[in-house]
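Take a look at the structure set out below.
The values are calculated or read from the model by the stated rules, or taken from the named source; none is laboratory data. Quick caveat, the model's predicted, so the values are computed rather than measured. Counting neighbours? That spans all protein chains shown, and the Cβs are built from the backbone with ideal geometry, glycine included. The protein model used for the area step is the full one, side chains on, heavy atoms only, and it has no ligands, DNA or RNA in it. Shrake-Rupley method; radii C 1.70, N 1.55, O 1.52, S 1.80 Å.
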Amino acid sequence: MYLHCQTYFSFLYGTIKPQDLVQQARAIGLERLAVADINNTSAIIECVRESKGSLDIIPGIDFRNGVKQQFIGIAKNEKGFEELNRLLSSYLKEKTTIPERCPYLKNSFVVYPFHPDKVFTELQNHEFIGVK
């Protein structure tokens, strides 16, 4: 499973249509696909519709301040999808910067980008370090 797929809804970073992403995932035999566009979930519904149940679409969000990635949230379930959207909405509504450390999310996984100068001494059970 790929954990960090972006569509053209990740402006300047993703170039693929949600429908094409799903078709390519299906063509290489994937069973699951995590879609995490930058600061939005716009592609999720289109990906779910296109998959027609043949592929599990796992919603996520790539939380960024400008170009700087803070973390990726991956929903464990529908409540996780709601959790991620509420978190993103709170940052956008208040016009606050997204912190380096994600607040606790009961129904989502959090993946922090690997950086040699940034060390998290303790990760909770739902937190991981991602390596590109």
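Expressed as a whole number of Å, what is the distance separating the alpha-carbon centroids of the range 13-28 and the range 58-132? A separation of 23 Å, based on Cα centres.
With respect to the chain, whose longest principal axis is taken over its alpha-carbon atoms, helix 18-27 is tilted by about 70°. For the range 10-85, the set of GluC sites (Glu not before Pro) satisfying both a DSSP loop assignment and a count of at most 11 other C-beta atoms within 10 Å is given as E31. Around the amide H of I129, modelled in the peptide plane, lie the amide H atoms of Y112, all under 5 Å away and 5 or more residues distant in sequence or on another chain. Looking at (i) 24, 16, 15; (ii) 28, 15, 10; (iii) 31, 15, 13, which value of semi-axes √(5λ) of the Cα gyration tensor in Å comes from a calculation on the structure shown? Checked against the structure: label (i).
Given axes a ≥ b ≥ c from the Cα gyration tensor, I'd like to know whether the range 54-101 is rounded (a/c under 1.5), prolate (a/b larger than b/c) or oblate. Prolate is the answer for the range 54-101, as a/c is 1.5 or above and a/b outweighs b/c.
Take the chain with all the other protein chains still there, run a 1.4 Å probe, and you get 61 Å² of accessible area per residue. Rounded to the nearest 5, the antiparallel percentage of DSSP beta bridges internal to the range 19-78 is 45%. For R64, the residues 5 or more places off, or on other chains, whose built amide H falls under 5 Å of its own are N39, Q70. Overall, the accessible surface of the chain at a probe of 1.4 angstrom is composed of carbon and sulfur to the extent of 54 percent.
Would you please classify the overall shape of the range 74-127 from the alpha carbon gyration tensor, given that a ≥ b ≥ c denote the square roots of the eigenvalues, rounded means a/c under 1.5, and beyond that prolate means a/b larger than b/c while oblate covers the rest? Oblate, since a/c reaches 1.5 and b/c is not below a/b. Taking a point 7 Å from the Cα of Y13 along the Cα-to-Cβ direction, the residues of the range 64-105 with backbone N closer than 11 Å to it are 64-73. Taking 0.36 nm per residue of separation and subtracting the Cα-Cα distance, full extension of the segment from N65 to E78 would add 2.1 nm.
When you restrict to C-alpha pairs under 8 Å that are six or more residues apart and normalise by the size of the chain, the relative contact order lands at 18 percent. Restriction of the chymotrypsin sites (Phe, Trp or Tyr not before Pro) in the range 28-118 to DSSP coil positions whose beta-carbon has at most 14 other beta-carbons within 10 angstrom yields Y104, F114. Between L30 and E94, residue separation times 0.36 nm minus the direct Cα-Cα distance comes to 19.2 nm.
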